[in-house]
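The values are calculated or read from the model by the stated rules, or taken from the named source; none is laboratory data. Every value quoted in this text rests on a predicted model; they were computed, and no experiment measured them. Ideal geometry is used to build each Cβ from the backbone, glycine not excepted, and the neighbour counts take in all protein chains shown.
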Amino acid sequence: MGRSRARDAKHPSARLDHGGIASIVPSEFTSGFELVVDGTPQSHVDLDDPTHLHFEYIVRMGAVIDQLPGTALTAVHLGAGALTIPRYVEATRPGSRQQVIELEAPLAALVREHLPLPRGAAIRIRIGDAREGVTRLPSALAGACDLVVSDVYSGAQTPAHLTSVEFYRELAQLLAPAGVLLVNVADGPGLAFARRQVATISAVLPEVAVLADTQVLKGRRFGNLVIAASASPLPTDWLPRMLAAGPHPAKIAQGAEVASFAQGARIVTDADASASPKPDASIFLR
């Protein structure tokens, strides 16, 4: 998460169909641009270097993606933002085939115009609700995806219908036998929401790891946790590197530690699902 941005007529902007204003602004702290929706930073993109990942949780997603076997990937992304991860996959795995589902057509158009995709990139953007869009993907993708990324936010919250066991079962059906699901979860002290998400995903895919800043994983402050899950053992070569890497070192929980993290947490169903907790506005001012 980054700093809030003031609205500025000089910045390319679009009014979203479901409310709010999306803007593309120069990054204050690094090269590239940020996509900001109503003061909430959603994505960072460096057009000159798509492998430059700025936000902490995106760096962790990239580290997992780097360990996936093979060369070109088949991937599905729920929530487009400024297409940071699809650009990263295209740059690091040329020839990858990627599908992106984005709710807001004006946002997708804004990004396409002002942060254009690399020429020749096989990245198709589909407009619509993420869950409904999954059911409309080509049938050939079922059981064929090396990577599925769920990173959907309405403002600063994940919608409730994208947090349930029924939803994750739908995503699991897309995965190849060794395919990996990556989910971005934001939560605060106590981690009640994140614990239920880990329990819910673990009920669908048996191999689960959680990556986060140590203080976030201990429930001491609000932040992002990346949940990686698969039907097959997750690659582990990246664990030592991630533990030591800067500028955003992460704690990685696996095995018994994940089971302990989710112990006692109820599985989320469509009947009782709720949106992720809303962060305090001050978090974006740091």
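Quick one: Ala228 ticks every box in (1) out of contact with any helix residue (DSSP H, G or I) (no Cβ under 6 Å at 6 or more places or on another chain); (2) at pLDDT 95 or above bar one, so which box is it?
(1)
So Ser139 clears everything in (1) touching a residue at least 24 places away in the same chain (Cβ under 8 Å); (2) farther than 30 Å from Gly32 by Cα except one condition, right? Which one?
Failing condition for Ser139: (1).
Hey, can you tell me all the residues within segment 89-103 that are in contact (Cβ under 8 Å) with a residue 40 or more places away in the chain and surrounded by fewer than 19 Cβ atoms within 10 Å (Cβ to Cβ)?
Ala91, Thr92
For segment 145-160, check the following and say yes or no: at least one residue is touching a residue at least 12 places away in the same chain (Cβ under 8 Å), in contact with an Asp or Glu (Cβ under 8 Å, 6 or more places away or on another chain) and within 29 Å of Pro235 (Cβ to Cβ).
no
So Gly81 passes all but one of these: (1) within 20 Å of Gly155 (Cβ to Cβ); (2) in contact (Cβ under 8 Å) with a residue 60 or more places away in the chain; (3) touching a strand residue (DSSP E or B) at 6+ places or on another chain (Cβ under 7 Å); (4) surrounded by fewer than 21 Cβ atoms within 10 Å (Cβ to Cβ). Which condition number does it fail?
(4)
Which members of segment 25-50 meet the condition of being of a type in the set (A, V, I, L, M, F, W, C), part of a strand (DSSP E or B) and surrounded by fewer than 21 Cβ atoms within 10 Å (Cβ to Cβ)?
If the condition is that a residue be of a type in the set (A, V, I, L, M, F, W, C), part of a strand (DSSP E or B) and surrounded by fewer than 21 Cβ atoms within 10 Å (Cβ to Cβ), then Val25 is the only one that fits.
Just give me the residues in segment 181-201 being part of a helix (DSSP H, G or I) and over 18 Å from Ser154 (Cα atoms), in sequence order.
Within segment 181-201, Ala192, Arg195, Arg196, Val198, Ala199, Thr200, Ile201 qualify.
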